[in-house]
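The values are calculated or read from the model by the stated rules, or taken from the named source; none is laboratory data. The structure displayed is predicted, hence computed values, not measured ones. Glycine also receives a Cβ, built like all others from the backbone with ideal geometry; neighbour counts cover every protein chain displayed.
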There are 2 protein chains.
Amino acid sequence: MVLFGSPGTVSGLFLRIGQCGFAAASVVIMASASGFSTATAFCYLIASMGLQVLWSFTLVCLDIHALRLKKDMQNHVLVSLFVVGDWVTATLSLSAACASAGVAILFDRDTVICRRMEKMSCSMFQISIAMAFISWFLLAVSSHVTFFLLVAFAASQQ
Amino acid sequence: MVLFGSPGTVSGLFLRIGQCGFAAASVVIMASASGFSTATAFCYLIASMGLQVLWSFTLVCLDIHALRLKKDMQNHVLVSLFVVGDWVTATLSLSAACASAGVAILFDRDTVICRRMEKMSCSMFQISIAMAFISWFLLAVSSHVTFFLLVAFAASQQ
């Protein structure tokens, strides 16, 4: 079955490149923002987005390999592996992005921390969190497609 | 197909009762904690858990109805509806729980807000967030089961 975004297709490759790029941008922007280490949530965002860069980059390489050699990546074992990896990284990314967004809103709206402390780069926190949400959304698309493929395999073998 | 936790079964009913109960406990504990309105994330947790109580309670009623009259709830339209509702509420619940956890960790570990401000009931925030995570976990189980059922339907009709 060839779905939009399934592993080993051009659309799947672009989804993975998008995930990897936005996650890397999120890490770089957050790490270069001054004062990020005051909140555990921001450090967790860097760790989680770093993991997502590694995972998506591995799959970018696998997709390029499959496309160049015209291999079929849709066997049961590989798809199961993708499903587990995708769900774990997607849950971690969403939780990190939401935790950081909670803290950023607290800094910016609920308290006067952003206005008082000049050395906190609050706008960079927000850009980094927006990148993390975009990256999570692309990963969510991929993970639903792989889960769909896995269940379709399981149903076809019954 | 009868899976653990699928709609219209006893295990599914218990999952829904668990979701509803833990979400209601989370709302009650958070709303009775003093100082919760200082953070937008805590207000969002109350709204999101309130939505989950409504959704899970509706499904508890539907499951009891199906079990009493021995009706089969597993038709394509109903399962599609459950999948969409489950995924929306599960994503909202996870994001609310994570945003609140980020703020609670900021209050408790990263800053001295919890120790300085006696009138903030930080331990009640934490209990409420733990309840929200348990409720989200039970909802995640239900939503994966319904998604599995939907894909199995789609695959069997091809």
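Descriptive notes on the structure:
- For the stretch A:96-109, the tally of residues that are crowded, with 23+ Cβ neighbours inside 10 Å and either within 19 Å of B:I46 (Cβ to Cβ) or among the acidic types (D, E) (or both) stands at 6.
- Among residues of the stretch B:57-89 being touching a residue at least 60 places away in the same chain (Cβ under 8 Å) and polar (S, T, N, Q), the one that is nearest to A:T91 (Cα to Cα) is B:S80.
- Applying the set (1) buried (at least 20 other Cβ atoms within 10 Å of the Cβ); (2) modelled with pLDDT of 90 or more; (3) out of contact with any Lys or Arg (no Cβ under 6 Å at 6 or more places or on another chain) to B:F36 leaves exactly one unmet item: (2).
- Residue that is nearest to A:V27 (Cα to Cα) [pool: residues in the stretch A:87-107 that are at the interface with another protein chain (Cβ under 7 Å from one of its Cβ atoms) and β-branched (V, I, T)]: A:V103
- Yes/no for B:S80 being surrounded by fewer than 18 Cβ atoms within 10 Å (Cβ to Cβ), out of contact with any Gly (no Cβ under 9 Å at 6 or more places or on another chain) and under 28 Å from A:F137 (Cβ atoms): yes
- Test set (1) within 14 Å of chain B (Cβ to nearest Cβ); (2) in contact (Cβ under 8 Å) with a residue 60 or more places away in the chain - A:M49 fails condition number: (1)
- Matching residues in the stretch A:125-158 - criterion: being farther than 16 Å from A:V53 by Cα, buried (at least 20 other Cβ atoms within 10 Å of the Cβ) and more than 10 Å from chain B (Cβ to nearest Cβ): A:F125, A:V145, A:T146
- Test for B:V27: is it surrounded by 18 or more Cβ atoms within 10 Å (Cβ to Cβ), among the β-branched types (V, I, T) and over 22 Å from A:T111 (Cβ atoms): yes
- Residue check, A:S121 in contact (Cβ under 8 Å) with a residue 60 or more places away in the chain, farther than 15 Å from A:Q19 by Cα and either in contact with a His (Cβ under 7 Å, 6 or more places away or on another chain) or of a type in the set (S, T, Y) (or both): yes
- Qualifying residue in the stretch A:118-138 (condition: in contact with a Phe, Trp or Tyr (Cβ under 8 Å, 6 or more places away or on another chain), assigned to a helix (DSSP H, G or I) and among the β-branched types (V, I, T)): yes
- A:L106 being in a helix (DSSP H, G or I), modelled with pLDDT under 95 and under 28 Å from B:H144 (Cβ atoms): no
- When A:S95, A:S100, A:S143 are checked against the criterion of being under 20 Å from A:S32 (Cβ atoms) and not in a loop (DSSP other than H, G, I, E, B), A:S100 stands alone in meeting it.
- Filtered residue count, the stretch A:39-73, keeping only those that are buried (at least 19 other Cβ atoms within 10 Å of the Cβ), in contact with a Ser or Thr (Cβ under 7 Å, 6 or more places away or on another chain) and farther than 22 Å from A:S123 by Cβ: 2
- Some residue of the stretch A:31-42 being in a loop (DSSP other than H, G, I, E, B) and either in contact with a Leu (Cβ under 7 Å, 6 or more places away or on another chain) or free of Cβ contacts under 8 Å to residues at least 40 places away in the same chain (or both): yes
- Members of the stretch A:1-19 that are surrounded by 22 or more Cβ atoms within 10 Å (Cβ to Cβ) and either without any contact (Cβ under 8 Å) to a residue 60 or more places away in the chain or polar (S, T, N, Q) (or both): A:Q19
- With respect to (1) crowded, with 24+ Cβ neighbours inside 10 Å; (2) in contact with a Ser or Thr (Cβ under 7 Å, 6 or more places away or on another chain); (3) closer than 18 Å to B:D110 by Cβ; (4) not aromatic (F, W, Y), the lone exception for A:S121 is condition (1).
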